[in-house]
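Inspection log for the structure reproduced underneath, given as C-alpha cells.
What follows draws every value from the coordinates through simple rules; no lab data is involved. What you see is a predicted model; the values in this text were computed from it and never measured. Methodologically, a virtual Cβ is constructed for each residue, glycine included, from the backbone with ideal geometry; neighbour enumeration extends over all protein chains shown.
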Amino acid sequence: MSKNGMVHIYLMGKQYEVPEELTIMTAMEYAGYELVRGVGCRNGFCGACATIYRIKGDQELKTCLACQTKVEEDMYIATLPFFPLVKKVYDIEEVTPSQQIMMQLYPEIYSCVGCNACTKACPQGINVMQYIAYAQRGEFEKCAEESFDCVMCGICSSRCPAGISHPQVALLARRINGKYIAPESAELKERVQEIQNGTFEDLISSLMNKPVDEVKKLYNQRDIEK
Amino acid sequence: MLTQEMLDSIKKVEAKRKANAALEPERMSADAKDEVLKKYHPDYIESQFTDLVMGVNKGEKVPLELAELLEGKSRIKASDVDLSNPKYDVDVLVIGGGGSGSAAAIEAHRAGANVLVSTKLRIGDANTMMAEGGIQAADKPNDSPEIHFLDAFGGGHFAAKKPLLKKLVTEAPEAIQWLNGLGVEFDKAEDGSMLTTHGGGTSRKRMHAAKDYSGAEIMRTLRDEVQCEGIEVVDFSAAVEIILDDEGKAAGAVLMNMETKELCVARAKTVIIATGGAGRIHYQGFPTTNHYGATADGLVLAYRVGAKLLYPETLQYHPTGTAYPQQIYGALVTEKVRSLGAKLVNKDGEVFMHPLETRDVAAASIIKECRDGKGGIKTPFGEGVWLDTPMIELKNGEGTIESRIPAMLRMFSKYDIDIRKTPILVYPTLHYQNGGIDIDTNCMSGVENLFVAGEAVGGIHGTNRLMGNSLLDVVVFGRDAGKSAAAKAKDVKVGKLTLAHIDSFEKEREEAGVTTDTLSPKLLPHYAREVS
Ligand SMILES: Cc1cc2nc3c(=O)[nH]c(=O)nc-3n(C[C@H](O)[C@H](O)[C@H](O)COP(=O)(O)OP(=O)(O)OC[C@H]3O[C@@H](n4cnc5c(N)ncnc54)[C@H](O)[C@@H]3O)c2cc1C
Ligand code: FES
C-alpha cells in the first residue's frame, strides 16, 4: 500500500517512487523522463499514450491511456507509443456505401475469431468487437455510432489474433456514414448557394463600412435568439 | 476525494438547483464588461507584459514569456546545415500537422503542388484534435453571414481585420459542406438539418458539433484524407528556422528530428506556417487546455525572418478549466456544457453571472467572484466555482449528458465524479492565442512566400475569439493558404538559399542588449522533474 502518499511503480521494469495522485504520464515526468514519444494531447483525445500494465501478482494484463490513468502501487508499466496499423488508401469520392468496400479494403475483419480481446482492451470502453461485426455486415451507421469515441490508440489491434486494424476500419465506416448515409442538410446547401450568388455581399459591405461607434451600437443592441 | 467544504457547498447548490435552472440571469452592460475585464482579466496585468526591444514589433508589448522566446537565440548556426544539399525539395512545405496544416496540404496537393508536411509530434497530435464544442457557420434560416460577422467582430472587441473576418464568415457554410463531403460527421436532425447550439457571444444558434469530439472528428478525417491522397508527412520533425533565398523570400526550413536531433534542409517554393497555439508556454503560470506541442513556435520562426505579429499581447483564458481533481487540472470543460444549460454558481449556490458571456468576460467574472465576491471553493492546489452540470438533465431530460457530451462524462468518471449528479469545480485556464502572425487575405505574411494558417494567425478574430470560430478559421484559412501557396509556387524561382538572418538577428540582440541564453523556438515544455 502507499506510504506518505507515495507509490512504487516500474517503468519498463525499473522501480520509481512517485506521488500517488499522478497519472502514469506525469509520474514518468516526475521520475525524470523528458517525453517526446507517447504524448500528444495529454487529455484523452489523441491516442498517443497507449500503455500496457500489470499489477504485481495479478494475472490480468491491463491497458490504458497514460494521460488518463492514475498510478497504483506495484504497477508494471510498458508504453506502446507506436503500433503498426494497416491503413488502406482509397478515394472517398469513389467509395460506395456497401459491404463490398470492407471486403475489398479490410478483408481480414472476416477472420475475426470472436475472442473479444479488442473490447476488453479498449481504454475508451468501446464495444470494439461489436463494431467490427457491424462493419462486416456493412452496417456503417451502427459501426460509426459504436466506434465514435475511438482515439485510434491501436491497443485493440495489438491484442487481435486476426491482425485487424480496428481503428482504421471504424474510420472508414464513419467517413462513409458522414458522407453518404447521414441525410444531407438542405439548409446548408441553400446557404452555400446564396453566398455564391452574392446574396449577403451588400449587407456585409455596408456593415464593414459603418463607423465603429455605429457598429458598437448595433452589436450591443442585437437581439439574441433564446 | 471531495473535501468537506466542497460537500457542504454542493448541498447549497443542490438546494437552489431548481430555482437556478429556471432563472434567466441578466447579461452585463457594455460598461460593466469593460470594468470587470480591466480589473480582473490576466491580459490587463501590466507587470506581466514588456515591450519588445528588437524586431519588427519593436516597442510593442507582449507577455514576458513570449518576449523571451521572440528575442531568444537560434537553436542552430548557419554552418550546421548544408543548404546546397536539401533532403526535401518541394513546391509547398507545410509546417505543422494539425487541422490547418492538413487542410492546407490537401488543397495544395489538389491544386497540383508537390507537398511536404513536417510536424513536431505525430500528425494529429494537435489542438485541433482536442476541440470539443464545435464549429460555427451561419446556415440557419434565421441567421446570416452578416449576423455572424457582427457577433465575431463585437466579441473580438472590434479589433478584427475586417477583410479577414469577412472571409471567415462568408466561407463558413462552404467549409462545413467541404468537411461533410469528406465524411466528417455532424450532429443532425432526422431531416438532415444541423443540430446547432449557442456558444458564448453568439446571437444565433450556429454551433455545429460532432458530439463533444468535434475537433477529433475533423482532425482524424483530415488526417485520413492526407494519407489517402498520398501526401508526404514527416512526423517528429520540427521546423527550427525558416530559410530565405537571396531575395529575402521564404524558401524552406531547417527541420530537426525530435528524437535524434539530426538536422536537415527542406527547400520549398512556398512555406505555410500552421504551428498552432501557445498554451504550453503557461503564461502567468496558468494551467492550459492545449496539447503538448503548443509552444508558439510559428510566431518565433516568423518573427526571426521579419514577419510582423498582430495582437500577440492577447490570450484567451477559457473560463471553465477543470479546477478539481488534480489529474486533469486545467483541462477543458467545454463551453457546450453551458450551451446545454449548466450555469456557473458560487460557494453559496447562487448564480453570479450569465453563463454565456464572451470568454474573456466570463473568465474575468469567475476570477472576480473568487477574489472579491463570495470567494472560491478551495481545492488542494487552488480554487474554483461550481459549474452545475446536473442542471443539464433537469432541463433537457435524462440521457442528454451521455448523448451530447460523452467526453466530459468520461473525463470526470475516471476520477469517480459523475457529472450527471455532481457539479464540477472550474477556474480559468490558458486556452487560445488570439494574436499571431499578421497576414493578408491570401494568407501571406509580411515575408514573401511565407503563408500562415490557423491559430498562428493574428487578426482574424481581433483580441478575443468566440468558441467555434477557431475550428472554422482552421478550415477556411487552412484551405485558402493551401490554394494560395500552391498557386504562388507556380511562378516562384527559388534563389540561392541562405540562413544569414540568424547572424543578423544575433547581432541585433547584442545591439539591443538582450543577454538571455534562452533558445527558441521552444519546441516542448520541460516537465521532467530535475532529479539530482
Ligand atoms: C481543448 C481545446 C478545445 C477547443 N475547443 C474548440 C472548439 O470547440 N471550437 C473551436 O472553434 N475551437 C476550439 N479550440 C481551438 C482550436 O481547436 C484550435 O485553435 C485549432 O484547432 C488550432 O488549429 P491549428 O491547425 O492552427 O493548430 P494545431 O491543431 O494545434 O496544429 C498545430 C500543429 O503544429 C505542430 N507544430 C508546432 N510547432 C511546430 C514546429 N516547430 N515544427 C513542426 N510542427 C510544429 C504541432 O505539433 C501541431 O501538430 C479548442 C482548443 C483546445 C486546446
Ligand atoms: S496524450 Fe493524447 S490520449 Fe493521452
Item checked: Model label zone, B:PHE381; criterion: amide N under 11 Å from point 7 Å along Cα-to-beta-carbon; scope segment A:62-81 -> none
Next item on the list: Please report Rg over Rh for segment B:132-191, where both radii come from the alpha carbon positions and Rh follows the Kirkwood definition.
Entry: 1.01
Next item on the list: Calculate, in nm to one decimal, what A:THR199 and A:CYS115 gain on full extension: separation in residues at 0.36 nm each, minus their alpha carbon distance.
Entry: 24.5 nm
Item checked: Relative exposure of A:SER111, B:SER339, judged by other C-beta atoms within 10 Å (fewest first) -> A:SER111, B:SER339
Note to self: For A:THR69, B:THR270, which order do you get if you count the other beta carbons within 10 Å of each Cβ and list the fewest first?
What the structure shows: A:THR69, B:THR270
Notebook entry, point to check: Over segment A:13-151, what number does the Rg to Rh ratio reach, with both radii from the alpha-carbon atoms and Rh per Kirkwood?
Noted result: 1.05
Margin query: For chain A, which cysteines have no second Cys with its Cβ under 4.7 Å from theirs?
Written below: A:CYS49, A:CYS64, A:CYS67, A:CYS112, A:CYS115, A:CYS122, A:CYS143, A:CYS150, A:CYS153, A:CYS160
Notebook entry, point to check: So for the pair B:TYR44, A:GLU73, with labels modelled 7 Å out along Cα→Cβ, what separation do we get in nm?
Noted result: 5.1
Notebook entry, point to check: Going out from 0 in 20 Å bins, what whole percent of all Cα-Cα distances in chain B drops into each bin?
Noted result: 23, 55, 20, 1
Check: Using 20 Å as the cut-off for backbone N distance, which residues of segment B:334-373 belong to the label zone defined by a point 7 Å from the Cα of B:ASP8 along Cα→Cβ?
Finding: B:345-351, B:370-373
Notebook entry, point to check: What nm distance separates the two modelled labels at B:GLU190 and A:ILE224, each placed 7 Å from Cα along Cα→Cβ?
Noted result: 3.3
Check: Principal axis lengths of the protein assembly as shown from Cα atoms, whole Å, largest first?
Finding: 65, 62, 61
Item checked: Label-point separation, B:ILE76 to B:ASN142 (7 Å along Cα→Cβ), nm -> 5.5
Notebook entry, point to check: Pairing the Cα long axis of helix B:145-155 with the longest principal axis of chain B, what angle in degrees results, from 0 to 90 and rounded to the nearest 10?
Noted result: 80
Next item on the list: Can you work out the PRE-style zone for A:GLU94? Point 7 Å along Cα to Cβ, and I want the residues of segment B:191-229 with backbone N under 20 Å.
Entry: B:222-229
Checklist line | Residue-averaged beta-carbon neighbours from other chains (10 angstrom radius) around A:194-203 | finding: 4
Margin query: Once R0 is set to 30 Å, what does the formula 1/(1 + (r/R0)^6) return for the Cβ-Cβ distance between B:SER504 and B:GLU232, expressed as a FRET efficiency to the nearest 0.05?
Written below: 0.40
Check: Taking neighbour Cβ counts within 10 Å as the exposure measure, how do B:PHE49, A:PHE82 sort from fewest upward?
Finding: A:PHE82, B:PHE49
Next item on the list: Please give the peptides A:51-62, B:89-100, A:112-123 ranked by average Cβ packing (other Cβ atoms within 10 Å per residue), highest first, as a rough proxy for protection.
Entry: B:89-100, A:112-123, A:51-62
Check: Residues of B:215-226, mean number of Cβ from any other protein chain within 10 Å of their own Cβ, rounded to a whole number?
Finding: 4
Notebook entry, point to check: Under the definition of partner shielding as Cβ atoms of other protein chains within 10 Å of a residue Cβ, what is the mean value for peptide A:17-25?
Noted result: 2
Next item on the list: Just subtract the alpha-carbon distance of B:GLU511 and B:LYS496 from 0.36 nm times their residue separation and send over the number in nm, one decimal.
Entry: 2.6 nm
Item checked: chain B: relative contact order as a whole-number percent, Cα under 8 Å and 6+ apart -> 26
Next item on the list: Could you rank the peptides B:241-253, B:76-88, B:312-324, A:30-42 by their average count of other C-beta atoms within 10 Å per residue, with the highest value first?
Entry: B:312-324, B:241-253, A:30-42, B:76-88
